[in-house]
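See below for the structure under consideration.
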């Protein structure tokens, strides 16, 4: 049990109400009981605040007005909540050693303080750092590095020449370091362009389930520090992603594109190859970026959702849009 | 060999022609021989009916007219075909026991009538029900439940706190229960929001290959009974999907969205977070849903396919669409 | 070390400059040193040619003009580069034998010259050809064939009835031969349509990481020879893809569609089911194909990227596009 007073002190929050109120877990506003802490961040859920049975609620200053209950006031309640919730869900610590069912190549170097889980494989010349966890069913190929304190949850593949920094978290099914998609057409048949680069992932990155990051054709594919990728994202060879950029699920980035720092890429957005996106660009869900972006800001493409019948009419008109515009120009001309 | 008469009786179908006609397998209209059964459901293939060498054909009443061959008449030929075909392709039964190459945590409970396949892993406190099959290379983490008669085909991951109902079928590469994508920006760096919920999957659900379903942040991510997800679908944390809803491949659903019962979501459609979609909504392929939907019906977004040159012209005009509309308004005003 | 003269002779290239110039690896124009070979293919990088320290550069005839350095002149520098680079990165040869940690069903046939890697599984009646490599963590189910010289890199699933030709390369996480998504609605519940077909993959195909190819409902899903699929592509049941067609990452193709030869499908494009696309069709990134295509050429859909504020205005007008067009027609009519 942790008291409101202890939490206020530990995380530098302002306390309102009874500092002795104690909680032993976290919950949503709607689901919380008296022994739980909750928070209000998204205004969508404000109406739940009055009825919530939560023992402690973390709120913004202006949401705290007139509430007669135990509150912790934070500039950013979501951040404060994240830190408090982490007290009840600490990341697993490595259980040092190699599971008897794992297979480790003789030339691999596994730190004595690293954990190699059941049915995992570590290939030639790969190095696993202290405190790192290679979970069940992971396959690490040749010449890879798993940095200190990094964790491959389960069934992750590092194929070849993948270097993870420290405290990197990779979720199941992710594949880092597969061949980039390099092809050349020669006399009516494709020939494969060798992919001789690697993948470099900075400290504190997180890579989602079933996300794929190909290794570079010649030079490396590179993620800066603290890059956060959700599930099922595709990062092609030689892409470079700046520090602190986050991408929602199912984004696809084509080869040799450079993305800046602190970008936010919405779900299922696409970014073509060989372009450059500056820092602090936001791309909305399912937008397609086809040219470089030099100005920070929010960008979109697509059309709004409509009932299918109305949409069919608008879609048919889209086909004729150029003719329509010319007709309007002609009408305007006649006018003058 | 099964006769037309026997099939008619077993599945309540009307028989036309020779009830003694026997078949031992199923085939397409174009590919079937005299010892095979086929069906006509999609009108696209109607022209193949006359020439088909199939011994028995399952058809609708109105397709049966004037045909001098052995027919089974069904209200829904596809349903009847599915049931007949299943006779020749029964789902595998569990071969009880734990394969010697599998690794099962001492605290896990595996029903004696369950099958744990080669090179599979079952983690702490997880429970595998009677008749369940955990196929080769599956990884089940902590605190998971695989219900009676469920089957993880191969290389499936249940990461943490995933509870599958009965007769759930999960295809290879699917990842259920990975961390939801919860992040908060704190002083220029992302901090991770702990994901303390689980995933609950109802009875008779089917989860496609390489589909990902994240576990909830606080409460659970929930699929009702008989939900059918195709391959490479992304379901974010705290999504709720109603019973009997089906999604085609590559759909992405963002966090905390609720989807009703009997919805049909087309391939590669996107659904943003924190919205609600009522029962019996159809979304067409690659549409993006950005707001709640309260009326059943069919919804779409996007533009029609065009040859690239024409498309470039329409696309350029789309950029100027607001100016064009204002110009038309001005012209109309002058007129009056 | 290989000299320019030797490379010119081996690959039929024209030599300019010092034939004794020797290199031991390849690099980008910007990154190359005197002991390295580079190339210029994409005009985007032409400005780097003058400053490049590369010992040898492969160029087109017209890029060679006026350059006082060692050059190899090729009709297609990218093709020539690919062939030269392959000298320094030969594909791995099979290390024959079955790893002690692998599990092979008694009824499977593994050629003595094939390699079955650590923690791999080969199921009933499957056959692995000479020189084939089944990498670590792969799972091969029943009745599959891996042709001579094919390679499953790691953690690949061939589920059932998957026949790979010769020299097929499959990257980690790919799932071939899972059940097609066949469902019929019967009295308010889905029933599963058995998937009795297989997957046939022609010689020299390449299948990307986490790509999924379902097996056919009745007949097979078929890839012709030399088909190249990037990562996270979804190929539904009974799709047929012609020889030499290439698809970029995240493409989704729905069931029973036929795609011709030498097609190029851009990233994250969608193709609906039951249609036919002729040879030599190019689809641009994120386009949706909703009807058959009978003419070779380039096709697109979607709208261009805009700053979010401008886009909102255009998107709002798209909703009213039919009304706008009618208004213009009315204005034009009044005019006459």
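Values quoted throughout were computed directly from the atomic coordinates according to the rules given, and no laboratory measurement underlies them. Please read all numbers here as calculations on a predicted model, not as lab measurements. Ideal geometry is used to build each Cβ from the backbone, glycine not excepted, and the neighbour counts take in all protein chains shown.
Sorted from shortest to longest, the distances between the residue C:47 label points of this copy and the other copies are 5.7, 5.7 nm, with each point 7 Å from Cα along the line through the beta carbon.
Just check chain C against the gyration tensor rule for me: Cα atoms, a ≥ b ≥ c as the square roots of the eigenvalues, rounded for a/c under 1.5, and otherwise prolate or oblate depending on whether a/b exceeds b/c. Oblate, since a/c reaches 1.5 and b/c is not below a/b. Report summary: the helix-based calculation at 222 nm, which adds -39500 (n - 2.57) for every DSSP H run with n ≥ 4 and divides by the residues of chain B, gives -4500 deg cm²/dmol.
Cut-off 10 angstrom, C-alpha nodes, Gaussian network model of chain B. Which of B:88, B:318, B:11 fluctuates the most? Fluctuation is largest for B:318.
How big is the gap, in Å, between the Cα center of segment B:135-175 and the Cα center of segment C:43-102? One Cα centre to the other: 45 Å. Here the label points at residue A:274 and residue A:68, each 7 Å from Cα along the C-beta direction, are separated by 7.0 nm in the simple model.
Would you mind getting me the FRET efficiency between residue C:1 and residue A:294? Use the beta-carbon distance for r and R0 = 35 Å, nearest 0.05. It comes to 0.20. Position residue A:60: other-copy label points at 5.6, 5.6 nm, ordered by increasing distance, label point 7 Å along Cα→C-beta. Using R0 = 25 Å, the C-beta based FRET efficiency linking residue A:44 and residue A:312 works out to 0.15. Bridges between two residues of segment A:2-87, per DSSP, are antiparallel at a rate of about 40%.
How many angstrom lie between the Cα centre of segment B:193-219 and the Cα centre of segment B:320-336? A separation of 51 Å, based on Cα centres.
Spin-label model, residue A:30 to residue A:189: label points 7 Å out along the Cα-to-beta-carbon direction sit 6.0 nm apart. Pick from B:232, B:48, B:320 the residue whose mean-square fluctuation is largest in a GNM of chain B, springs joining Cα atoms under 10 Å. Maximum fluctuation in the GNM of chain B, among the listed residues, is at B:320. Highest mobility in the GNM of chain B, judged by mean-square fluctuation with C-alpha springs under 10 Å and restricted to B:72, B:223, B:324, is found for B:324. Ranked from shortest, the separations from the 7 Å Cα-to-Cβ label point of residue A:30 to its equivalents in the other copies are 5.0, 5.0 nm. In summary, the convex hull built on the alpha carbon positions of segment A:1-128 has an orientation-averaged projected area of 10.8 nm².
Label the protein assembly as shown by shape, choosing from rounded, prolate and oblate, from the square roots a ≥ b ≥ c of the eigenvalues of the Cα gyration tensor; if a/c is under 1.5 it is rounded, and otherwise prolate applies when a/b is larger than b/c, oblate when it is not. Rounded, because the longest to shortest axis ratio a/c is under 1.5.
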